[in-house]
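**Student:** First the structure, which I've put down as structure tokens, then a few questions once you've had a look.
The values are calculated or read from the model by the stated rules, or taken from the named source; none is laboratory data. The shown structure was predicted, so the numbers you read here are calculated from the model rather than taken from an experiment. Glycine also receives a Cβ, built like all others from the backbone with ideal geometry; neighbour counts cover every protein chain displayed. These accessible areas exclude ligands, DNA and RNA; they are computed on the full protein's heavy atoms, side chains included. Shrake-Rupley method; radii C 1.70, N 1.55, O 1.52, S 1.80 Å.
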Amino acid sequence: MYKKEVIEYFKTATAVWTALGLTSGAVSQWNELIPEKQAMRLSYITNNKLKYNPDLYKKETPTEAA
């Protein structure tokens, strides 16, 4: 889930951190891709209007050298 879509949905960063029970500093420190835990929480809070996509959070595994 991307920070931009979350802010667009809630209209303000203040509304985002209030909904999640976080500090304003926590939300301001998010990168473009928000933390997975918060994405899952936002999906639940918004009744899946903001959709959690687990594929965005998959970590690539290094390829073993032959």
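**Student:** Where Lys and Arg each count +1 and Asp and Glu each count -1, what net charge lies around Ala26 among other residues with Cβ under 13 Å from its Cβ?
**Tutor:** Result for the neighbourhood of Ala26: +3.
**Student:** Sticking with this one: Which whole-Hz ³J(HN,Hα) couplings does region 44-57 yield from phi under the Karplus relation 6.51 cos²θ - 1.76 cosθ + 1.60, θ = phi - 60°, glycine and proline marked x?
**Tutor:** For region 44-57, the Karplus curve yields 5, 4, 8, 6, 6, 6, 9, 9, 7, 10, x, 4, 5, 10 Hz.
**Student:** By accessible area of protein heavy atoms, probe 1.4 Å, what ranking do Met40, Met1 get, highest first?
**Tutor:** Met40, Met1
**Student:** Next question. Using only the alpha-carbon atoms of the chain as identical scatterers, what base-10 log of I(q)/I(0) does the Debye formula give at q = 0.21, 0.29 Å⁻¹?
**Tutor:** -0.81, -1.45
**Student:** In what sequence, highest mean first, do 46-59, 16-29 appear when ranked by Cβ atoms within 10 angstrom?
**Tutor:** Descending mean neighbour count gives 16-29, 46-59.
**Student:** Sticking with this one: Given the -39500 (n - 2.57) contribution per DSSP H run of 4+ residues, what per-residue ellipticity at 222 nm results for the chain, rounded to the nearest 500 deg cm²/dmol?
**Tutor:** Helix-only estimate at 222 nm: -12500 deg cm²/dmol.
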